[in-house]
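Participant: This is the structure I want to talk about, given as structure tokens.
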Amino acid sequence: MAKKKGGQGKYWLIKSDDVLDDLDTSIGGLSQEEVKKRHKEFGLNVIKRKKSAILMIFLRQFKSPLIWILVVVSIISIFFGELINVIIIFSMILLSSLLSFFNEYRSEHILEDLNKKIAHKVMVMREGEKQEVSVSEIVPGDIVFFSNGSVVPADIRLIKVNNLEVNEAVLTGESSPIKKISGVLGGKHVNIQNMKNYLFAGTIVVNGEGLGVVVKTGDKTEFGRIAQEALLEKPETEFQKGIKDFGGLLLKTILVLVIAIFFINALVKHNVLDSLLFALAIAIGLTPELLPVVITVSLSRGAHLMGKKEVVVKRLIAIEDLGNMDVLCTDKTGTLTEGNISLDRHVDWDNKTSEEVLLYGLVCNSAVAHGKKYFGNPIDVALWKHANEHLKEKVNSFKIIEDIPFDYERKMMSIVVKKNKKTLLITKGAPQEILDICKKVNINGREAVISQYSDNFKEKFAEAAKEGVRVIAVAYKEIDDTKKISVKVEKNLVFLGFITFIDPPKKSVKEAVDLLEAMSIKLKILTGDNELVTKKIASEVDISIKKILLADEIDKLSEQELKKAVEETDAFCRLTPEHKRRVVKALQSNGHDVGFMGDGVNDIPALAEADVAISVNDAVDVTKDVSDIVLLRKNLKVLAEGAAEGRRIFGNTMKYILMGTSSNFGNMFSAAGGSIFLPFLPMLPIQILLANFLYDISETTIPLDNVDAEYLKKPKRINIKAIRKYMLFFGPISSLYDFLTFFVMLFVFNASMAMFQTGWFIESLMTQILVVFVIRTKKVPFFVSKPGIWLIISTILTVLAVLVLPYTKLGELFGFTILPWKFFGLLLLMVITYLILVELGKAWFFKRNEI
């Protein structure tokens, strides 16, 4: 048979040995030399994500229909001899687009660099040894191991399975787990749903374990052939909905103003072309074209800052979700504790140290050794770390026949082994669940009925739990090896003893929890552990738990009753994955923005349900894949800092929105009003575009501005009603000073058209730019809040540019003229009184409205 080595054959039709032969590999895996060759032939095992080319990012800056209308009108203007105006308009559009392009390009690269820090590993067999390698490094012919929680890294033909079930919803849309086999399938044409001896890249192992050979990698996999971005797209966040609603509000305002301005000017006094250009310039002046830049720059800067604190943001908008979060749900392991589990004791029925209990715990174990390191469940890893070499040699005397993997419903795992011609079932798991399936107890080598000892064992478990110690029980029984092995054999066992583990409480937790509470974020513990351990650990880190809800109590509650209970409860114990999901959903139903931090397969339903999904770098791959944020180091404090960053970004975004709906709106409204009664346009279209461009330059540093500490204490949402009120309240104040300027220019200076337009250009920009120092804070007086240094610099430089412009050749090109010095004295007076009036209005407005 030809050596294809690329998985082109119909491998479901042939035996696994033939598949290995066809791929020129073996059960012992590939050599390192062969891996290098196949890397050159097949490339890295990555799905080539659709990256935005530089040109595409640049072209995206021109997607606004207003810009294209302006371009078309400008081209028409060429035929009317307005060549200078056309050049200026095109220059303004190009400069604004370049500004947006630079920031978007930089932001995209920041996110890409951060995502490279997330580790995805897989266990393979190479050169006869198990090795942990990066998912991107596997090649066709690699022998891969997988177990509960694994994300399948490539398309794989199964060689060996043990109760293997896989969720293939990412490919088929079917959420029910598919039972897998390793045998041969019939039929030359089999669809994905029926290929039961295959695993497909991107699917998730939800039960059992197995071994297989890679047949396709990267873009050649089934997953690589579909548009994964569309499949994994998340619904709109509250912040995104708010921004969309704000866009709708502005669009209605712009349409009404622009249509009215065009028709009034065209019909009453000006020519159609000038009127159209003027109306479009007003529309662009009102359009917050810098808003996407402000948001993107703020988010990418936030992601960069969080990256320095070992927090990887996979989805930029998740920083805003983190800022909106008012409830954080988390397990206690690694959050309230150090996450460094170590074995404490291994004892028999009489609480005496027992090597046999430890030995059976090592035999019934899912951890995998690679060199001197162990990988897998922390409990199983802790057992191996504690064992001496003599005991490890004893484990090798047991011949493993079959195993029944752990799951969160049974809360136990079992293994079938042969020892001294006897076939044994060894089971290890949660103490209560193990006691429930035991009929006898091993007392110094003899078996006795367990009923008279059960209460004593339960007391010991409770005492250990009260001390914050985690308990695992071990049991066994002799079985008939001719019968089929399933979970049904897990009954009538002999109780052998139990093993205790300790996970020291984390000293820094109290500070982090206090920080979260200061930001109005309530911490709730959702754990599979029992209530006694949870309460003990919480007390050691000085966290108050007033009410605990258990899984069986949740089962008795209706959805309405659960919604009430979750508000009063601090810790939820003995939970299954579905219980965790229900708690998160109930909190959301009460109007909370919920963050969930998890690292195991049992956390996936809750992570998928949460508004913000948070995982850690040493979590199973599937939890990292469904998470929005990955912590390189498990630390509650960095989450509090991340939430503060989200609120800081929201605060700075709101500054730009409020600027656009106050002075900016007022100025454009004044331009519309002035054009009706003046014998000329109050400002030329190119002057409006220039004013808009200079204003945008001054505002580009808003993402770098400071935000008042008081603003960070509570989560915020975009309130469109309040923004509308703000626009209607502060816009007229700005217009009042514009009309005052009109009066001064006409009746004090008897201004010509050029002088009038120059005077109003300067006054409108001075008030529009400088008012940011009042609007950026709710504090009164505004100067007690310290603005960012870059905002100060950009504002000063723009103000200087505006004042100097009329005295330059460039100013002449835009139709500006020199103004009398008396004007600047009046300008200073108007700017000062305007800022004072806005300050007084701000104090009155924010007493009655929350934004």
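The values are calculated or read from the model by the stated rules, or taken from the named source; none is laboratory data. Quantities reported herein were computed from a predicted structural model and do not represent experimental measurements. Note that each Cβ is placed from the backbone with ideal geometry, even for glycine, and that neighbours are counted across all protein chains shown. These area figures cover heavy atoms from the full protein model, side chains too; ligands, DNA and RNA do not enter into them. Shrake-Rupley method; radii C 1.70, N 1.55, O 1.52, S 1.80 Å.
Participant: For region 362-381, what are the residues that are at pLDDT below 90 and part of a helix (DSSP H, G or I)?
Facilitator: Across region 362-381, the qualifying residues are Pro378, Ile379, Asp380, Val381.
Participant: Do the conditions hold for Leu359, that is, is it modelled with pLDDT of 80 or more, open to solvent by less than 30 Å² (accessible area, probe 1.4 Å) and not in a helix (DSSP H, G or I)?
Facilitator: The answer is no for Leu359.
Participant: Here is a follow-up. Could you tell me whether region 508-529 includes any residue that is closer than 22 Å to Ala430 by Cβ and open to solvent by 70 Å² or more (accessible area, probe 1.4 Å)?
Facilitator: no
Participant: Hey, among the residues in region 615-629 that are assigned to a helix (DSSP H, G or I) and open to solvent by 10 Å² or more (accessible area, probe 1.4 Å), which one's modelled with the lowest pLDDT?
Facilitator: Asp621
Participant: Hey, any hits in region 32-41 for a residue that's at pLDDT below 90, buried (at least 16 other Cβ atoms within 10 Å of the Cβ) and hydrophobic (A, V, I, L, M, F, W, C)?
Facilitator: No, every residue in region 32-41 fails to be at pLDDT below 90, buried (at least 16 other Cβ atoms within 10 Å of the Cβ) and hydrophobic (A, V, I, L, M, F, W, C).
Participant: Okay, next question. Any residue in region 392-399 that is in contact with a Gly (Cβ under 8 Å, 6 or more places away or on another chain), open to solvent by less than 50 Å² (accessible area, probe 1.4 Å), under 25 Å from Asp503 (Cβ atoms) and among the charged types (D, E, K, R)?
Facilitator: no
Participant: Still on this model: Looking at the structure I just gave you, is Glu310 on the phi > 0 side of the Ramachandran plot and out of contact with any Ser or Thr (no Cβ under 9 Å at 6 or more places or on another chain)?
Facilitator: In short, yes.
Participant: Among the listed residues Lys725, Lys716, Lys721, which satisfies the condition of being open to solvent by 20 Å² or more (accessible area, probe 1.4 Å), part of a helix (DSSP H, G or I) and either among the small types (Gly, Ala, Ser) or touching a residue at least 60 places away in the same chain (Cβ under 8 Å) (or both)?
Facilitator: Going through Lys725, Lys716, Lys721 in turn, just one is open to solvent by 20 Å² or more (accessible area, probe 1.4 Å), part of a helix (DSSP H, G or I) and either among the small types (Gly, Ala, Ser) or touching a residue at least 60 places away in the same chain (Cβ under 8 Å) (or both): Lys725.
Participant: Only one residue in Asp696, Asp708 is in contact (Cβ under 8 Å) with a residue 24 or more places away in the chain, open to solvent by 20 Å² or more (accessible area, probe 1.4 Å) and of a type in the set (Asp, Glu), so which one is that?
Facilitator: Working: Asp696 fails: open to solvent by 20 Å² or more (accessible area, probe 1.4 Å).
Unique residue meeting the criteria: Asp708.
Participant: In this structure, does Ile832 turn out to be part of a helix (DSSP H, G or I), open to solvent by 10 Å² or more (accessible area, probe 1.4 Å) and under 19 Å from Asp738 (Cβ atoms)?
Facilitator: Considered against the rule, which asks whether it is part of a helix (DSSP H, G or I), open to solvent by 10 Å² or more (accessible area, probe 1.4 Å) and under 19 Å from Asp738 (Cβ atoms), Ile832 comes out as yes.
Participant: What's the total number of residues in region 2-27 that are modelled with pLDDT of 90 or more and either touching a Leu at 6+ places or on another chain (Cβ under 6 Å) or of a type in the set (Gly, Ala, Ser) (or both)?
Facilitator: 1
Participant: Counting only residues that are among the charged types (D, E, K, R) and under 11 Å from the mean Cα position of the chain (by Cα), how many does region 294-317 have? Steps first, please.
Facilitator: At the first step, the residues of region 294-317 found to be among the charged types (D, E, K, R) are 301, 308-310, 314-315.
Adding the requirement that they be under 11 Å from the mean Cα position of the chain (by Cα) leaves 314-315.
Residues in region 294-317 being among the charged types (D, E, K, R) and under 11 Å from the mean Cα position of the chain (by Cα): 2 in total.
Participant: Same structure again: Of all residues in region 416-443 being outside any loop (DSSP other than H, G, I, E, B), free of Cβ contacts under 8 Å to residues at least 60 places away in the same chain and touching a Ser or Thr at 6+ places or on another chain (Cβ under 8 Å), which is most open to solvent (accessible area, probe 1.4 Å)?
Facilitator: Ranking the candidates gives Lys419 first.
Participant: Among the residues of region 447-496 satisfying the criterion of being under 29 Å from Thr527 (Cβ atoms) and acidic (Asp, Glu), which is modelled with the lowest pLDDT?
Facilitator: Glu467
Participant: Let me ask something else. Going through region 537-580 one residue at a time, which ones are crowded, with 17+ Cβ neighbours inside 10 Å, in contact with an Asp or Glu (Cβ under 8 Å, 6 or more places away or on another chain) and among the charged types (D, E, K, R)?
Facilitator: Arg574, Lys580
Participant: Taking region 137-150 on its own, how many of its residues are touching a His at 6+ places or on another chain (Cβ under 9 Å) and open to solvent by 30 Å² or more (accessible area, probe 1.4 Å)?
Facilitator: Applying the first criterion (touching a His at 6+ places or on another chain (Cβ under 9 Å)) to region 137-150 yields 137, 139.
Narrowing further to those that are open to solvent by 30 Å² or more (accessible area, probe 1.4 Å): 137.
Count: 1.
Participant: So which helices (runs of 4 or more DSSP H) are wholly in region 525-581 and hold at least 3 residues that are touching a helix residue (DSSP H, G or I) at 6+ places or on another chain (Cβ under 9 Å) and in contact (Cβ under 8 Å) with a residue 40 or more places away in the chain? Step through it out loud before you land on a result.
Facilitator: On the way: elements: 531-540, 551-555, 559-568.
In region 525-581, 531-540 are the helices (runs of 4 or more DSSP H) which contain 3 or more residues that are touching a helix residue (DSSP H, G or I) at 6+ places or on another chain (Cβ under 9 Å) and in contact (Cβ under 8 Å) with a residue 40 or more places away in the chain.
Participant: Mind listing whichever residues of region 17-31 are open to solvent by 10 Å² or more (accessible area, probe 1.4 Å) and part of a loop (DSSP other than H, G, I, E, B)?
Facilitator: Asp24, Thr25, Ser26, Ile27, Gly28, Gly29, Ser31
Participant: Let me ask you something else. So the check is Cβ under 8 Å with 6+ separation or different chains; which pairs have a first residue in region 143-159 that's more than 12 Å from Val122 (Cβ to Cβ) and in contact (Cβ under 8 Å) with a residue 12 or more places away in the chain and a second one that's polar (S, T, N, Q) and in a strand (DSSP E or B)?
Facilitator: Asn148/Asn207
Participant: I need the full set of residues from region 133-152 which are assigned to a helix (DSSP H, G or I) and under 25 Å from the mean Cα position of the chain (by Cα), in order please.
Facilitator: Val135, Ser136
Participant: Tell me yes or no: at least one residue of region 636-651 is surrounded by fewer than 22 Cβ atoms within 10 Å (Cβ to Cβ), part of a loop (DSSP other than H, G, I, E, B), touching a strand residue (DSSP E or B) at 6+ places or on another chain (Cβ under 8 Å) and touching a residue at least 12 places away in the same chain (Cβ under 8 Å).
Facilitator: Taking every residue of region 636-651 in turn, none turns out to be surrounded by fewer than 22 Cβ atoms within 10 Å (Cβ to Cβ), part of a loop (DSSP other than H, G, I, E, B), touching a strand residue (DSSP E or B) at 6+ places or on another chain (Cβ under 8 Å) and touching a residue at least 12 places away in the same chain (Cβ under 8 Å).
Participant: State whether the residues of region 283-299 include one that is at pLDDT 75 or above, touching a strand residue (DSSP E or B) at 6+ places or on another chain (Cβ under 9 Å) and either more than 20 Å from Gln768 (Cα to Cα) or acidic (Asp, Glu) (or both).
Facilitator: Yes.
Participant: Further, regarding this structure: Which count do you get for residues in region 273-293 that are of a type in the set (Ser, Thr, Tyr) and under 33 Å from the mean Cα position of the chain (by Cα)?
Facilitator: Result for region 273-293: 1.
Participant: Given the structure, is Ala465 open to solvent by less than 20 Å² (accessible area, probe 1.4 Å) and closer than 30 Å to Asp403 by Cα? Quick ask: steps written out before the conclusion?
Facilitator: On the way: open to solvent by less than 20 Å² (accessible area, probe 1.4 Å): yes; closer than 30 Å to Asp403 by Cα: yes.
So Ala465 fits the description; yes.
Participant: Based on this model, can you work out whether Phe223 counts as open to solvent by 10 Å² or more (accessible area, probe 1.4 Å), at pLDDT 80 or above and more than 21 Å from the chain's Cα centre (by Cα)?
Facilitator: On the way: open to solvent by 10 Å² or more (accessible area, probe 1.4 Å): yes; at pLDDT 80 or above: no; more than 21 Å from the chain's Cα centre (by Cα): yes.
No, not satisfied.
Participant: Let me confirm something: among Val583, Val487, which residue is β-branched (Val, Ile, Thr) and open to solvent by 40 Å² or more (accessible area, probe 1.4 Å)?
Facilitator: Val487
Participant: Based on this model, can you work out whether Val449 counts as touching a Lys or Arg at 6+ places or on another chain (Cβ under 7 Å), more than 25 Å from Val161 (Cα to Cα), β-branched (Val, Ile, Thr) and open to solvent by 30 Å² or more (accessible area, probe 1.4 Å)?
Facilitator: On the way: touching a Lys or Arg at 6+ places or on another chain (Cβ under 7 Å): yes; more than 25 Å from Val161 (Cα to Cα): yes; β-branched (Val, Ile, Thr): yes; open to solvent by 30 Å² or more (accessible area, probe 1.4 Å): yes.
Yes: the conditions hold for Val449.
Participant: Hey, another quick one. Taking the options Asp529, Asp552, Asp570, Asp542, name whichever one is among the acidic types (Asp, Glu) and on the phi > 0 side of the Ramachandran plot. Let's see the steps before the verdict.
Facilitator: Values: Asp529 fails: on the phi > 0 side of the Ramachandran plot; Asp552 fails: on the phi > 0 side of the Ramachandran plot; Asp570 fails: on the phi > 0 side of the Ramachandran plot.
Exactly one residue qualifies, and that residue is Asp542.
Participant: Limited to region 319-355, what total is found for residues that are over 26 Å from Glu531 (Cβ atoms) and not in a helix (DSSP H, G or I)?
Facilitator: Summing the residues that are over 26 Å from Glu531 (Cβ atoms) and not in a helix (DSSP H, G or I) in region 319-355 gives 5.
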